Amino acid sequence: MGISGVEFLQLGISDRRKVVHFEQTVNQGSRVSDEGNVQLECISLDEIVTEDRAFIKFDIEGAEVDGINGARRLLRNGSPFAI
């Protein structure tokens with residue numbers, strides 16, 4: 001069952017389009033890692049969010065700086081955010 005007006009994308013958030021490795025472990029959580037066992041395609045928020053402003057909440061496991069850099073337009077326009 002979908003949510004009206006919501007589009008789900010199977011992408012990570014970063015500063016630009018790229019593929020990163022993501023380490024998934026059962027006991028220690030998950031994080032971006034060069035040794036990661038999962039590949040994740042990433043994109044910037046500025047590229048996929050067409051509105052001038054959006055509420056931004058990050059929980060992106062060590063890639064927060066890249067996520068912020070990929071949302072510069074949105075943040076300059078006064079988008080509220082939480083990390």
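The values are calculated or read from the model by the stated rules, or taken from the named source; none is laboratory data. Please read these numbers as outputs of a predicted model, since none were measured by experiment. Neighbour counts run over all protein chains shown; Cβ positions are idealised from the backbone, glycine included. All accessible areas refer to the heavy atoms of the entire protein, side chains included, with ligands and DNA or RNA removed. Shrake-Rupley method; radii C 1.70, N 1.55, O 1.52, S 1.80 Å.
Tabulated values for the structure
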| read-out | value |
| --- | --- |
| In region 1-60, the residues that are more than 21 Å from ARG73 (Cα to Cα) and in contact with a Cys (Cβ under 8 Å, 6 or more places away or on another chain) | VAL19, VAL20 |
| Qualifying residue in region 67-79 (condition: open to solvent by 40 Å² or more (accessible area, probe 1.4 Å), touching a helix residue (DSSP H, G or I) at 6+ places or on another chain (Cβ under 9 Å) and within 23 Å of GLY5 (Cα to Cα)) | yes |
| Scan of region 58-79 for residues that are at negative phi, of a type in the set (D, E, K, R) and either in a loop (DSSP other than H, G, I, E, B) or at pLDDT 90 or above (or both), ordered by number | ASP59, ASP66, ARG72, ARG73, ARG76 |
| Long-range neighbours under 9 Å by Cβ, at least six apart or interchain, first residue under 12 Å from LEU45 (Cβ atoms) and without any contact (Cβ under 8 Å) to a residue 60 or more places away in the chain within region 72-83, second among the aromatic types (Phe, Trp, Tyr) and open to solvent by 50 Å² or more (accessible area, probe 1.4 Å) | LEU74/PHE81; LEU75/PHE81; SER79/PHE55; PHE81/PHE55 |
